[in-house]
1. Can you confirm whether residue A:152 is crowded, with 18+ Cβ neighbours inside 10 Å, touching a residue at least 40 places away in the same chain (Cβ under 8 Å) and out of contact with any helix residue (DSSP H, G or I) (no Cβ under 7 Å at 6 or more places or on another chain)?
2. Among the residues of region A:95-153, which ones are within 14 Å of another protein chain (Cβ to nearest Cβ) and assigned to a helix (DSSP H, G or I)?
3. Can you name every one of the helices (runs of 4 or more DSSP H) wholly within region A:1-80 that holds 2 or more residues which are free of Cβ contacts under 8 Å to residues at least 40 places away in the same chain and of a type in the set (A, V, I, L, M, F, W, C)?
4. Of the residues in region A:302-334, how many are outside any loop (DSSP other than H, G, I, E, B), without any contact (Cβ under 8 Å) to a residue 40 or more places away in the chain and more than 21 Å from residue A:52 (Cβ to Cβ)?
5. Considering A:70, A:90, which residue is within 14 Å of chain B (Cβ to nearest Cβ), among the small types (Gly, Ala, Ser) and closer than 28 Å to residue A:285 by Cβ?
6. Does residue A:57 qualify as being more than 10 Å from every other protein chain (Cβ to nearest Cβ) and crowded, with 23+ Cβ neighbours inside 10 Å?
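The values are calculated or read from the model by the stated rules, or taken from the named source; none is laboratory data. Because the structure is predicted, anything quoted here is derived from the model rather than measured. Don't worry about glycine lacking a Cβ; one is built from the backbone with ideal geometry, like all the others, and counts go over all protein chains shown.
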2 protein chains.
Amino acid sequence: MVKINSKPKQDGYRMPGEFEPHRGCWMLWPERPDNWRLGAKPAQKAFAQVAENIARFEPVFVGVSSSQYSNARYLLNKNIRVVEISYNDSWIRDIGPTCVVNNQGKVRGVKWDFNAWGGLKDGLYFPWDDDCLVSEKVLEIEGLDMYVSDLVLEGGSIHVDGEGTLITTEECLLNPNRNPHFSKKQIEDILINYLNVSKIIWVKRGVYLDETSGHIDNLCCFVKPGVIALTWTNDENDPQYAISMEALCLLTNSTDAKGRKFKIHKILQPEPQFITKEESESLDYSPYTKHRCYGDRMPASYINFYIVNSAIILPVFRCKEDDLALNTLKELFDNREIIQIPSREILLGGGNIHCITQQIPK
Amino acid sequence: MVKINSKPKQDGYRMPGEFEPHRGCWMLWPERPDNWRLGAKPAQKAFAQVAENIARFEPVFVGVSSSQYSNARYLLNKNIRVVEISYNDSWIRDIGPTCVVNNQGKVRGVKWDFNAWGGLKDGLYFPWDDDCLVSEKVLEIEGLDMYVSDLVLEGGSIHVDGEGTLITTEECLLNPNRNPHFSKKQIEDILINYLNVSKIIWVKRGVYLDETSGHIDNLCCFVKPGVIALTWTNDENDPQYAISMEALCLLTNSTDAKGRKFKIHKILQPEPQFITKEESESLDYSPYTKHRCYGDRMPASYINFYIVNSAIILPVFRCKEDDLALNTLKELFDNREIIQIPSREILLGGGNIHCITQQIPK
């Protein structure tokens, strides 16, 4: 593998929007019993359902540890390619490469630094050494050259419109648990040079109680350039209300890299989702892993969908808001099939469908 | 990955000769300190030299365990693709897939059963469970469909001319430590159906003291259809003399699948190679691994070369026979560069350059 010493912008590469065509998608098989209940068996079924639905539209690689290899190979459809990769947990959106493309359709990867969403202070588990090698292992199998940045950044903390605009949250990217040695200006320079964007929009906070320090990909995303979907609640007593309202105001008063005002669509969040006693008790205890307690509210949001070629893979929570989200997204993505996947078992691990997928652009 | 339920012959696939064009080559990084002395560091240097020379002529993948990944990636040239694969040891000739091709240039793999060269009776280590998954992991990364045979067979125990002829040894393929439940006729039927050969030549024995139960790939090989190179000694007191003479007589009196007599070229073996006290003592002890003792003679042979696109990667032993082998092979392969690699550190592990490589045909 070639590690490139320059930066994507100077080489004419940019990060495309997720809605642009994909060459394929990567996932990692859930396994660790201190984060996935009942030995990860329910989560494995949910991941398999996600993988198989994505594979209807674009090629899927699933990385899996040596110990789970045969089980994953057995459970996944034969059109899914299963390869051995070690990792600490399955959030490839955050630990995988961010791919960039040039005008000739050439693809390269960016490897970021990673500290398990907050390092020794706020991180969700320890250690995270295997996670740090996932990007280069993926790129090696894909046969793509690699840029390396020393910025601690998870893929879920950024969204781009592919036309120069990036949205992120201050709660995450300016958090002292990530890059205390970089100023806001330095972080912006890195994003500009590695993703080839010209306008960075800083939303204040992510979804209420999101343990990622408020990743943007659970709060809002681009439907296409100039159009944003935002998680929403009408309940003024829900702490999420102030967060979504704050984001709405900021985005309404912003323009993108091309000078356009945003068209913003509210997606009503599901009814609040809480961890049950049974769910909490079906996890292994570990002193080095964030404990998931009975009664804790989870950061459930429909925004955490994955845009696959020709379709949307949408998390649903078996509540009445599911259909509202479905109908809104049908209107927003009128040329894509909307596929609903019950995703509570993924949410229990701390994220959702967008967090467990990573596209390789075409 | 698709597992194909038919057999290569009925689908029009055949195993090509090693001298036919390759799409690439696979190797596995040496690691286990009970088989590779000094924590495998000297062997890793030798493997890297082999990989880098092959990579001058065809793409190379090196599989490596999670624990050695970063070290291998650091030590290997950047044009070599390093991917994570678990295995029990590095003999990909024997544990990797045997690839077959059809007339349209499509490639598929055959996965054999494997029992570490003799199972619980004669096997060289225990367990070998990771080895048994290497073929499918390789084929998954290559994107090739797979046939599965229940014959215990290592790739080093067969050579084909690509035109219907296969040579192997009775010592290995008829050994009760491999396939006691199959008759000779049943084994021949499997070889015919999986490799699409029509003539099987059974040499009696492999090289003296070869712990693989006498693999053919250390004794003789095809230079091209109708032409064979055979390891040789003129020392009638060397036990190898009777073995090579026996093979010479048998091959001289055989014809290939096309009815041709063979032209046989003798390659004088290197002077006998013995394990030194220092070498033996720099291995870890394990009750489940064949112990390599001070004074043991190793099965050194120049025949264990790898035919790469446009070149030969030839083991040498720093003795006077090296130049004889070089000169003979220059004549035999007059359109290929002959690259000599000092290979004692590979031989100490139990095999040589052919044993640690596996081509994927074009």
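1. Details: crowded, with 18+ Cβ neighbours inside 10 Å: yes; touching a residue at least 40 places away in the same chain (Cβ under 8 Å): yes; out of contact with any helix residue (DSSP H, G or I) (no Cβ under 7 Å at 6 or more places or on another chain): yes.
When the stated conditions are applied, residue A:152 passes them.
2. Within region A:95-153, A:131, A:132, A:133, A:134, A:135, A:136, A:137, A:138, A:139, A:140, A:141, A:142 qualify.
3. Values: elements: A:8-11, A:41-54, A:69-75.
Result: A:41-54.
4. Summing the residues that are outside any loop (DSSP other than H, G, I, E, B), without any contact (Cβ under 8 Å) to a residue 40 or more places away in the chain and more than 21 Å from residue A:52 (Cβ to Cβ) in region A:302-334 gives 4.
5. Numbers: A:90 fails: within 14 Å of chain B (Cβ to nearest Cβ).
Residue meeting the stated conditions: A:70.
6. Numbers: more than 10 Å from every other protein chain (Cβ to nearest Cβ): yes; crowded, with 23+ Cβ neighbours inside 10 Å: no.
No, not satisfied.
Yes/no matrix, rows are residues, columns are (1) within 14 Å of chain B (Cβ to nearest Cβ); (2) touching a strand residue (DSSP E or B) at 6+ places or on another chain (Cβ under 6 Å); (3) part of a helix (DSSP H, G or I):
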| residue | (1), (2), (3) |
| --- | --- |
| A:172 | no, no, yes |
| A:182 | no, no, no |
| A:185 | no, no, yes |
| A:188 | no, yes, yes |
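Conditions tested, residue by residue: (1) of a type outside the set (A, V, I, L, M, F, W, C); (2) closer than 24 Å to residue B:261 by Cβ.
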| position | (1), (2) |
| --- | --- |
| B:140 | yes, no |
| B:143 | yes, no |
| B:151 | no, no |
| B:160 | no, yes |
